[in-house]
Structure formats: structure tokens, C-alpha cells
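Novice: The structure's right below; bear with me while I get my questions together.
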Amino acid sequence: MGLPPYATMPQRIWYYAFRVICALIFIFLITPIIVVMPLSFNAENFFTFTPEMLRLDPDGYSLKHYEDFFTNNEWQRSLKNSLIIAPIATIISVSLGTLAAIGLSQSHVPFKGTIMAILISPMIVPLIISATGMFFFYSALGNWLESSLGLDKNFVGYVKVILAHAVLGIPFVIITVTATLVGFDRSLTRAAANMGANPVTTFFRVQMPLILPGVISGGLFAFITSFDEVVVVLFVGSAGQKTLPWQMFTGLREQISPTILAVATLLVGISILLLTVVELLRRRSERLRGIVES
């Protein structure tokens with residue numbers, strides 16, 4: 001919507017100044033990401049633009065760093081670990097986070113504010129503090145699983161990382177599902193109960209279809225959090241659970257290679273795709289709740 005014809009001069013100035021400010025903020029945020037992308041196609045093993053790249057010479061560009069990512073055993077092992085850890089952590093986060101959000105949405109639950117603050121605290125507390133606490137807790141848990149149950153050390157390592165990432169993902173699920181439940185019509189569940197449906201049937205046949213966009217959005221956020229996380233896995237995991245971000249961090253410290261930029265570009269593309277899905281789901285949720293017109 002443009003300016004109305006009766007807008008005053010200060011309103012016109014603010015109208016255009018606001019858009020300039022938004023554009024500058026957008027440029028400030030997006031520039032570091034944009035710079036990484038062309039560097040990932042560098043034909044040389046440099047982290048800077050070569051003269052050939054600046055001249056847009058085709059010889060200055062190459063896909064060899066992407067080829068290295070898909071053929072290098074270390075990178076592929078890290079990718080495999082990320083694809084194992086992130087989906088399982090997401091399933092746990094979605095299951096527990098959805099149940100917590102539904103429980104906190106009930107009017108009879110006492111101390112809802114306090115409980116909510118505790119559940120979303122992993123999002124608020126500095127990550128290094130959470131990682132330190134998780135290190136001590138999951139170390140004791142891992143020792144118990146190995147000594148008492150006789151589980152394999154590598155398997156226990158995966159369990160610890162998955163549980164730690166699930167803790168980080170639960171707050172995102174709780175927040176998105178809670179936001180979806182704001183416009184939920186409680187009379188639908190009461191009507192289902194009056195018609196003889198048990199609570200489980202009511203949840204899956206009535207409530208879940210309406211809050212599904214929020215559940216999926218929270219799951220995508222939890223997946224991105226787990227897939228991109230590096231601090232907690234450094235504290236909790238071991239070399240057998242080295243994820244893709246961990247491999248990138250190790251590469252920056254030990255062997256600087258533009259392959260890291262290629263991986264970063266792929267991760268940015270995946271994140272953009274997932275966030276696009278989240279936005280589409282958000283709009284669908286609003287249409288289902290009648291907040292906006294279809």
C-alpha cells in the first residue's frame with residue numbers, strides 16, 4: 001500500500017526513510033552470506049577473490065570444491081552423522097514439544113508461566129553454558145549406560161548428542177505450536193468428546209490436523225537447529241559423532257580449504273528452502289484459523 005494523498009510531509013519522509021533503513025539492515029545481514037557463495041566456486045584454494053574471478057573469467061571458477069565434498073570420506077562421514085542425528089532429534093523435539101504446548105494451553109494448569117520459562121530456557125541461556133551443563137549431565141548418563149546396560153560406547157555417544165540436540169529443539173516446537181493453539185476452537189474437542197471419541201482419537205482426528213502447520217514449522221526449526229549446531233556436539237560428542245558443522249570448524253582450525261565454503265553454500269540453500277516451507281505453513285495455518293483471507 002502506498003501513501004495516501006493526504007499524507008503530510010513528515011509522514012512522507014518517514015515512509016521513505018523507513019524503507020531505506022529496512023534495505024540497509026537487509027544488506028547488512030545478507031552480505032556475508034552472498035560473499036561466501038561465489039567464493040565456493042573459486043578454481044584456486046584461496047578464501048579470497050582471484051583476479052580471474054574479478055574479471056569473470058570462466059577459468060577462475062570451478063566445481064572442484066563441491067566435488068571434493070561429495071567424494072571426500074571425512075566430509076561424507078560427517079554428513080552421514082548429521083543426517084542420522086538431526087532427524088531423530090527432531091522427532092523427539094516435536095513429540096515432547098507438542099505435548100508440552102498442548103498441556104500448557106490448558107486453563108487449569110498451574111504455574112504455566114514458570115513452566116514455560118523453564119522449557120524455553122535452552123533458547124535463552126547462552127549456548128556455552130548449556131553445553132557445559134550438558135557435558136557433566138550426559139557424561140554421567142553415558143557412563144551409566146555403558147557400565148550398567150553394557151551399551152556400545154559409540155552408540156551411547158549418538159544417544160547423548162541426539163538427546164542434547166532434542167533439548168535445544170524443544171523450545172522452538174513449543175513456541176510455534178503454542179502460537180498455533182491461540183486460535184484453536186476448544187468447542188471442537190468438546191464436541192468430539194460428546195460424540196464418544198476418546199482423547200487419543202480426538203487429538204489425532206480433530207486437534208492435530210488444525211495445529212499441524214505449527215507442528216511442522218517447529219519441527220523444521222528444530223531440524224535446522226540440530227543440523228547447524230556445533231558447540232554442544234563439541235562438548236557432548238566424540239570423534240565418532242563428528243557432524244558437518246564440527247567438520248567445518250575443524251577444517252577452519254587445521255586445514256583451511258574452500259570446501260568449507262562449498263558446504264556453507266549448500267547449508268545456506270537448505271536453510272532458505274526450509275524457511276520458505278515454514279513461511280508457507282505459517283500462511284496456511286493463518287488461513288485455517290481464519291486470521292487472513294485465502
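Novice: Within the stretch 27-34, can one find any residue that is exposed (fewer than 11 other Cβ atoms within 10 Å of the Cβ), of a type in the set (S, T, Y), within 35 Å of the chain's Cα centre (by Cα) and in a helix (DSSP H, G or I)?
Specialist: Checked the stretch 27-34: at least one residue is exposed (fewer than 11 other Cβ atoms within 10 Å of the Cβ), of a type in the set (S, T, Y), within 35 Å of the chain's Cα centre (by Cα) and in a helix (DSSP H, G or I).
Novice: Something else now. Just the residues that are over 30 Å from G251 (Cα atoms) and either among the small types (G, A, S) or touching a Ser or Thr at 6+ places or on another chain (Cβ under 6 Å) (or both), please, taken from the stretch 73-121.
Specialist: Correct list: S95, G97, A100, A101, G103, S105, S107, G113, A117, S121.
Novice: Across the stretch 89-127, what is the number of residues that are surrounded by 17 or more Cβ atoms within 10 Å (Cβ to Cβ), of a type in the set (A, V, I, L, M) and in a helix (DSSP H, G or I)? Walk me through how you get there before you give the answer.
Specialist: Initially, the stretch 89-127 is screened for residues surrounded by 17 or more Cβ atoms within 10 Å (Cβ to Cβ), giving 89-90, 92-94, 96-98, 100-102, 104-105, 116, 119-120, 122.
Checking the rest, the ones that are also of a type in the set (A, V, I, L, M) come to 89, 92, 94, 96, 100-102, 104, 116, 119-120.
Now drop any that are not in a helix (DSSP H, G or I), which leaves 89, 92, 94, 96, 100-102, 104, 116, 119.
Total meeting the criteria: 10.
Novice: Further question on the same structure: Report, ordered by the first and then the second residue, all pairs with beta carbons closer than 7 Å, sequence separation of six or more or different chains, a first member in the stretch 156-173 that is farther than 23 Å from I102 by Cβ, and a second member that is in a helix (DSSP H, G or I) and of a type in the set (D, E).
Specialist: Here the result reads V156/E146, each pair linking the stretch 156-173 to a residue that is in a helix (DSSP H, G or I) and of a type in the set (D, E).
Novice: Can you confirm whether the stretch 186-204 contains a residue that is at pLDDT below 80, surrounded by 12 or more Cβ atoms within 10 Å (Cβ to Cβ) and not in a helix (DSSP H, G or I)?
Specialist: Yes: the stretch 186-204 contains one or more residues that are at pLDDT below 80, surrounded by 12 or more Cβ atoms within 10 Å (Cβ to Cβ) and not in a helix (DSSP H, G or I).
Novice: Now for a separate question. Give the residue, chosen from Y16, Y66, Y6, that is assigned to a helix (DSSP H, G or I), free of Cβ contacts under 8 Å to residues at least 12 places away in the same chain and either farther than 30 Å from L181 by Cα or out of contact with any strand residue (DSSP E or B) (no Cβ under 6 Å at 6 or more places or on another chain) (or both).
Specialist: The conditions single out Y16.
Novice: Being closer than 16 Å to E67 by Cα, touching a helix residue (DSSP H, G or I) at 6+ places or on another chain (Cβ under 6 Å) and in contact (Cβ under 8 Å) with a residue 60 or more places away in the chain is the filter here; which residues of the stretch 33-53 pass it?
Specialist: Once the filter is applied, which keeps residues that are closer than 16 Å to E67 by Cα, touching a helix residue (DSSP H, G or I) at 6+ places or on another chain (Cβ under 6 Å) and in contact (Cβ under 8 Å) with a residue 60 or more places away in the chain, the stretch 33-53 yields M37, L39, S40.
Novice: Condition test on N143, is it in a helix (DSSP H, G or I), modelled with pLDDT under 90, closer than 24 Å to S78 by Cα and polar (S, T, N, Q)? Spell out the reasoning first.
Specialist: On the way: in a helix (DSSP H, G or I): yes; modelled with pLDDT under 90: yes; closer than 24 Å to S78 by Cα: no; polar (S, T, N, Q): yes.
So N143 does not fit the description; no.
Novice: Please name all residue pairs, on different chains or six or more residues apart, with Cβ atoms under 7 Å, provided the first residue is in the stretch 81-99 and is farther than 19 Å from L244 by Cβ and without any contact (Cβ under 8 Å) to a residue 40 or more places away in the chain and the second residue is surrounded by fewer than 18 Cβ atoms within 10 Å (Cβ to Cβ) and polar (S, T, N, Q).
Specialist: none
Novice: In addition: Just to be sure before I move on: is E293 at pLDDT below 80, over 30 Å from E67 (Cβ atoms) and of a type in the set (D, E) in the structure I sent?
Specialist: yes
Novice: Being at pLDDT below 85, part of a helix (DSSP H, G or I) and touching a Lys or Arg at 6+ places or on another chain (Cβ under 6 Å) is the requirement here; does P213 meet it?
Specialist: Yes.
Novice: Yes or no: the stretch 3-23 includes at least one residue that is under 27 Å from the mean Cα position of the chain (by Cα) and at pLDDT 85 or above. Before you say what the answer is, go through the steps one by one.
Specialist: First, pick out the residues of the stretch 3-23 that are under 27 Å from the mean Cα position of the chain (by Cα): 22-23.
Next, only the ones that are at pLDDT 85 or above stay: 22-23.
Taking every residue of the stretch 3-23 in turn, at least one turns out to be under 27 Å from the mean Cα position of the chain (by Cα) and at pLDDT 85 or above.
Novice: May I pose another question? With the requirement that a residue be of a type outside the set (D, E), in a loop (DSSP other than H, G, I, E, B) and surrounded by fewer than 15 Cβ atoms within 10 Å (Cβ to Cβ), what does the stretch 35-48 give you?
Specialist: Those that are of a type outside the set (D, E), in a loop (DSSP other than H, G, I, E, B) and surrounded by fewer than 15 Cβ atoms within 10 Å (Cβ to Cβ): N45, F46, F47, T48.
Novice: Taking the options L212, L252, L181, L267, name whichever one is touching a Gly at 6+ places or on another chain (Cβ under 8 Å) and not charged (D, E, K, R).
Specialist: L181
The values are calculated or read from the model by the stated rules, or taken from the named source; none is laboratory data. Keep in mind that what you see is a predicted model, and the values were worked out from it rather than measured. Cβ coordinates were reconstructed from backbone atoms using ideal geometry, including for glycine residues, and neighbour counts include every protein chain displayed.
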